[in-house]
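Data first, discussion second: the structure below is written as C-alpha cells.
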Amino acid sequence: MTFKELKFRDISETHGENAKQALVGFENGYEVSVVRHRFSHGSEKGLYEIGVFDALDRMCDPLDWGDSVKGWLTPEDVETELKLIEKLLKKELTHEQN
C-alpha cells in the first residue's frame with residue numbers, strides 16, 4: 001500500500017486542529033493507525049506516527065520498536081513500516097494471551 005492510497009479522516013474534534021487518521025487492516029490480523037495530530041510524535045514537523053493493534057484490538061509491538069507506537073515518520077517511512085507489518089505471519093490470538 002502506498003501512502004497516497006491511505007484514506008485519512010478528520011479527527012480534529014477530538015485531537016485538535018488539522019488532526020487526521022487512517023486505519024489499515026491486514027489479513028494477518030494486524031491493524032495500523034497512521035496519525036498526525038498535536039499529540040503525535042513528529043507532528044510539529046509535519047511527520048506521522050503509527051500504532052499497531054492485534055486481532056483483539058490491543059496495541060502491540062510486532063516489529064520490536066521498543067514501544068507500541070513509532071513516530072517521526074515521513075510518508076516513505078510509513079509505507080516501509082506498513083509493508084513490514086503486512087508481511088508478518090498471522091498470529092493465533094485468544095483472550096487468555098497477555
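The values are calculated or read from the model by the stated rules, or taken from the named source; none is laboratory data. Bear in mind the structure is a predicted one, so any value in this text is a computation, not a measurement. Note that we place each Cβ from the backbone using ideal geometry, even for glycine, and neighbour counts take in every protein chain shown.
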**Item:** Where a residue in segment 1-23 is within 18 Å of residue 78 (Cα to Cα) and its partner, wherever it lies, is surrounded by 14 or more Cβ atoms within 10 Å (Cβ to Cβ) and of a type in the set (Ser, Thr, Tyr), with Cβ under 8 Å and at least six apart
**Value:** 21/33; 22/33; 23/33
**Prompt:** Looking at 63, 23, which one is surrounded by 12 or more Cβ atoms within 10 Å (Cβ to Cβ) and over 18 Å from residue 8 (Cβ atoms)?
**Reply:** 63
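Give the residues of segment 50-85 that are hydrophobic (A, V, I, L, M, F, W, C) and under 20 Å from residue 39 (Cα atoms), sorted by residue number.
Let us first name the residues in segment 50-85 that are hydrophobic (A, V, I, L, M, F, W, C), namely 50, 52-53, 55-56, 59-60, 63, 65, 69, 72-73, 78, 82, 84-85.
Answer for segment 50-85, where residues must be hydrophobic (A, V, I, L, M, F, W, C) and under 20 Å from residue 39 (Cα atoms): 50, 52, 53, 59, 60, 65, 69, 72, 73, 78.
What number of residues in segment 39-55 are out of contact with any His (no Cβ under 7 Å at 6 or more places or on another chain) and either part of a loop (DSSP other than H, G, I, E, B) or of a type in the set (S, T, N, Q) (or both)? So that I can check it myself, show each step before the final result.
Initially, segment 39-55 is screened for residues out of contact with any His (no Cβ under 7 Å at 6 or more places or on another chain), giving 40-42, 44-48, 50-55.
Then drop every residue that is not either part of a loop (DSSP other than H, G, I, E, B) or of a type in the set (S, T, N, Q) (or both), which leaves 40-42, 46-47, 54-55.
Residues flagged as out of contact with any His (no Cβ under 7 Å at 6 or more places or on another chain) and either part of a loop (DSSP other than H, G, I, E, B) or of a type in the set (S, T, N, Q) (or both) within segment 39-55 amount to 7.
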**Request:** Keeping to segment 68-79, report how many residues are in a loop (DSSP other than H, G, I, E, B) and under 16 Å from residue 31 (Cα atoms).
**Result:** 1
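Can you find a residue that is at positive phi, surrounded by 11 or more Cβ atoms within 10 Å (Cβ to Cβ) and over 14 Å from the mean Cα position of the chain (by Cα) anywhere in segment 27-34? Before you say what the answer is, go through the steps one by one.
Applying the first criterion (at positive phi) to segment 27-34 yields 29.
Cutting the leftovers down to surrounded by 11 or more Cβ atoms within 10 Å (Cβ to Cβ) gives us 29.
Filter once more, keeping what is over 14 Å from the mean Cα position of the chain (by Cα): none.
No.
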**Message:** Looking at segment 35-56 only, could you name the residues that are under 13 Å from the mean Cα position of the chain (by Cα) and at pLDDT below 95?
**Reply:** 54
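If only one of 46, 71 is more than 17 Å from residue 88 (Cβ to Cβ) and surrounded by 15 or more Cβ atoms within 10 Å (Cβ to Cβ), which one is it?
On the way: 46 fails: surrounded by 15 or more Cβ atoms within 10 Å (Cβ to Cβ).
Only one candidate qualifies: 71.
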